[in-house]
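FYI, it's all coordinate maths here, none of it is from the lab. Remember, predicted model here, so these are calculated numbers, not experimental data. All Cβ positions, glycine included, derive from the backbone under ideal geometry; neighbour counts span all protein chains shown.
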């Protein structure tokens with residue numbers, strides 16, 4: 001029915017109990033539980049009630065379905081394990097996964113607006129709070145409080161942000177003080193999602209510099225990694241460069257002068273094929289150094305065995321992924337053979353764990369050269385990046 005109670009429409013019409021409905025994020029589908037086939041199962045139908053489809057088929061009772069914010073998953077409650085637990089499955093009903101395994105009653109699942117929010121102290125008086133963008137939201141409400149997440153201090157609404165916003169900078173804070181944050185999605189008509197998990201951070205000591213921004217770590221060879229960053233402070237006297245190999249301890253690699261915004265690590269042995277290096281850069285002065293980052297960029301291992309072949313409709317690329325922690329791959333292309341002087345440009349970015357790509361935009365009869373590299377992007381703002389060394393070049397002529 002309409003929000004004012006008019007235009008009431010019956011969507012299901014049978015003697016069974018159809019209940020516990022939830023709209024898909026795009027408003028085109030409705031999921032619900034029904035015992036029309038003898039026991040409670042999960043069904044999906046079009047928003048007008050047409051084309052009902054049974055998604056679960058189990059002797060147990062499946063009920064309380066809720067869509068994920070991106071519309072790709074459905075969480076629900078089932079006693080198929082002996083007592084009520086929370087499960088999740090694809091929107092098609094495939095790949096059912098049990099999420100809770102305790103003997104208590106687990107029910108009423110609810111999706112948070114993001115996976116994991118993050119708070120990062122960027123100066124003695126500011127914290128950057130960030131989250132993943134939802135799907136279909138009309139805005140966000142950000143709340144904060146002084147103290148860590150477990151503190152009893154009350155939550156206060158700090159701001160309402162527009163749709164597609166993914167960060168909020170909280171200024172005018174006290175130095176060396178903990179603050180906590182959470183966020184909720186707004187869907188209109190006073191409807192908010194449940195709040196996200198809490199994220200907290202502690203501001204830097206009084207007088208310490210603002211953190212460097214936009215750190216990039218790029219493999220230059222089998223033993224060298226080039227670093228660059230943006231100097232966001234005007235009161236540092238030096239920068240400390242830190243490195244961690246795989247899951248080892250952080251080590252102070254070097255100290256460089258004020259205003260410097262790059263560094264060459266010539267001792268990154270094995271960064272192409274064996275060792276993943278993480279980096280952090282901290283601005284320092286007489287009051288101390290900027291806060292270390294809890295999420296740092298790493299240099300993924302270099303992909304190998306890049307090959308290109310012309311199929312009936314496109315140029316097909318394949319490669320072997322050597323890294324287990326990349327965010328994706330950058331595919332670079334230029335006109336002509338590998339030794340041509342044409343400029344390189346990114347043709348496409350593909351997801352982590354990809355091992356093939358079809359260049360559907362290649363012009364028939366045109367020769368192209370290709371290379372690619374793995375990249376890593378930190379999950380939270382302010383984002384930092386790591387890049388593997390490029391593969392060798394391969395070429396092919398589009399059919």
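Some values worked out for this structure:
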{"quantity": "Among 233, 50, 64: highest mean-square fluctuation, GNM of the chain, C-alpha pairs under 10 Å", "calculated": "50"}
{"quantity": "GNM result for the chain, Cα springs below 10 Å: residue of 123, 15, 293 fluctuating most strongly", "calculated": "15"}
{"quantity": "Mean Cβ count within 10 Å, highest first, over the residues of peptides 104-110, 332-338", "calculated": "332-338, 104-110"}
{"quantity": "Most fluctuating residue given options 13, 153, 240, as computed from a GNM of the chain linking Cα atoms under 10 Å", "calculated": "13"}
{"quantity": "Relative contact order of the chain, pairs being alpha-carbon contacts under 8 Å that are 6 or more residues apart, as %", "calculated": "10 percent"}
{"quantity": "Residue exposure sequence - 37, 62 - by fewest surrounding Cβ within 10 Å", "calculated": "37, 62"}
{"quantity": "Relative packing of peptides 226-232, 30-36, 372-378 - highest average C-beta neighbours within 10 Å first", "calculated": "372-378, 30-36, 226-232"}
{"quantity": "Answer label for P(r) over Cα pairs in 10 Å bins from 0, in percent (calculated), chosen among [x] 5, 25, 34, 25, 10, 2, 0; [y] 5, 21, 28, 23, 15, 7, 1, 0; [z] 5, 17, 20, 23, 20, 12, 3, 0", "calculated": "[z]"}
{"quantity": "Protection proxy ranking of 196-204, 315-323, 345-353 - average other beta-carbon atoms within 10 Å, highest first", "calculated": "196-204, 315-323, 345-353"}
{"quantity": "Antiparallel bridge percentage (DSSP; both residues within the chain; nearest 5)", "calculated": "95 percent"}
{"quantity": "Segment 304-397: relative contact order as a whole-number percent, Cα under 8 Å and 6+ apart", "calculated": "34 percent"}
{"quantity": "Relative contact order (%) - segment 213-295, alpha-carbon pairs under 8 angstrom, separation at least six", "calculated": "34 percent"}
{"quantity": "Cβ-based exposure ranking for 54, 141, 182, 389, in which fewest neighbours within 10 Å come first", "calculated": "54, 141, 389, 182"}
